[in-house]
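Novice: Dropping the structure in here first, questions after.
The values are calculated or read from the model by the stated rules, or taken from the named source; none is laboratory data. Please read these numbers as outputs of a predicted model, since none were measured by experiment. Because the Cβ atoms are built from the backbone with ideal geometry, glycine has one as well, and the counts that use them run over all protein chains shown.
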């Protein structure tokens, strides 16, 4: 049995359900993997998931695909490599409450945005506004990462970036009306996210066990989809 660790990109939610199903159903055990799942709430983002891979604290991490580019182009590059994605398409979007008078990204000029402070995030948001005819003059705020969704709920900021299959569902359940802006609709090419990343230097040595991990993970997500597990009850 090989012990492996994965760092999630957030506290456990719908995006991660396949890992937990694979763990509970014994798919990892059958693959010879003893998986420890670490989520962002455990250290409150002291280190990002990708950073944990760089530091050797975990074997796998979930992160946006742009983190891979960021690690390759920073002052001291690190060989972070994506080996799989959770989704076939981007399920994220920039959102605001529908009562904020923001009908499209250009209306975010002069408004506030809660940023996760990812390397490329702020530039992406500004370009989205510009592509819609605005100037990109948005007020960027950097609240506690794990509390960013709360800033929308509590009317502390005007907009932020969310996963529609998680915070979007939470908004529906609470009766919150959102205006939703997909990046692809405003000429911002954005790939699927999150991705599973590893230290590329370890791939050759660990190829067999990594492959087993991915196959077991796939089984977990397919099983969850088949029986329609509801994340809030899982």
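Novice: Only one of 70, 79 is without any contact (Cβ under 8 Å) to a residue 60 or more places away in the chain and over 18 Å from residue 145 (Cα atoms); which?
Specialist: 70
Novice: Looking at 140, 146 in this structure, which one is in a strand (DSSP E or B), outside the structural domain of residue 74 (by TED's automatic domain parsing) and touching a helix residue (DSSP H, G or I) at 6+ places or on another chain (Cβ under 9 Å)?
Specialist: Result: 140 is the single residue among 140, 146 that is in a strand (DSSP E or B), outside the structural domain of residue 74 (by TED's automatic domain parsing) and touching a helix residue (DSSP H, G or I) at 6+ places or on another chain (Cβ under 9 Å).
Novice: Show the residue pairs meeting these rules: Cβ distance below 7 Å; 6+ apart or different chains; first residue within the range 176-193 and at positive phi; second residue buried (at least 16 other Cβ atoms within 10 Å of the Cβ) and assigned to a helix (DSSP H, G or I).
Specialist: Hits for this filter: 187/131.
Novice: Given the criterion assigned to a helix (DSSP H, G or I) and closer than 17 Å to residue 66 by Cβ, identify the matching residue among 226, 184, 202.
Specialist: After applying the criteria, what remains is 184.
Novice: In the range 25-41, which residue that is farther than 16 Å from residue 218 by Cβ and part of a helix (DSSP H, G or I) is modelled with the highest pLDDT?
Specialist: Of everything passing the filter in the range 25-41, 40 is modelled with the highest pLDDT.
For every residue, the table says whether it meets (1) in the same structural domain as residue 177 (by TED's automatic domain parsing); (2) in a helix (DSSP H, G or I).
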| site | (1), (2) |
| --- | --- |
| 52 | no, yes |
| 56 | no, no |
| 67 | no, yes |
| 78 | no, no |
| 84 | no, no |
| 99 | yes, yes |
| 103 | yes, no |
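Novice: Residue 135 passes all but one of (1) in contact with a strand residue (DSSP E or B) (Cβ under 9 Å, 6 or more places away or on another chain); (2) outside the structural domain of residue 62 (by TED's automatic domain parsing); which number fails?
Specialist: The single condition residue 135 does not satisfy is (1).
Residues are listed down the side, and each one gets a yes or a no for (1) surrounded by 15 or more Cβ atoms within 10 Å (Cβ to Cβ); (2) in contact with a strand residue (DSSP E or B) (Cβ under 7 Å, 6 or more places away or on another chain):
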residue	(1), (2)
43	no, no
47	yes, no
69	no, no
76	no, no
83	yes, yes
94	yes, yes
100	yes, no
108	yes, yes
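Novice: Please state which of the following conditions residue 35 fails to meet, knowing it meets all the rest: (1) more than 26 Å from residue 149 (Cβ to Cβ); (2) touching a helix residue (DSSP H, G or I) at 6+ places or on another chain (Cβ under 8 Å); (3) surrounded by fewer than 18 Cβ atoms within 10 Å (Cβ to Cβ).
Specialist: (3)
Novice: Can you tell me which residue in the range 152-165 is nearest to residue 13 (Cα to Cα), limited to those that are under 20 Å from the mean Cα position of the chain (by Cα) and crowded, with 19+ Cβ neighbours inside 10 Å?
Specialist: 163
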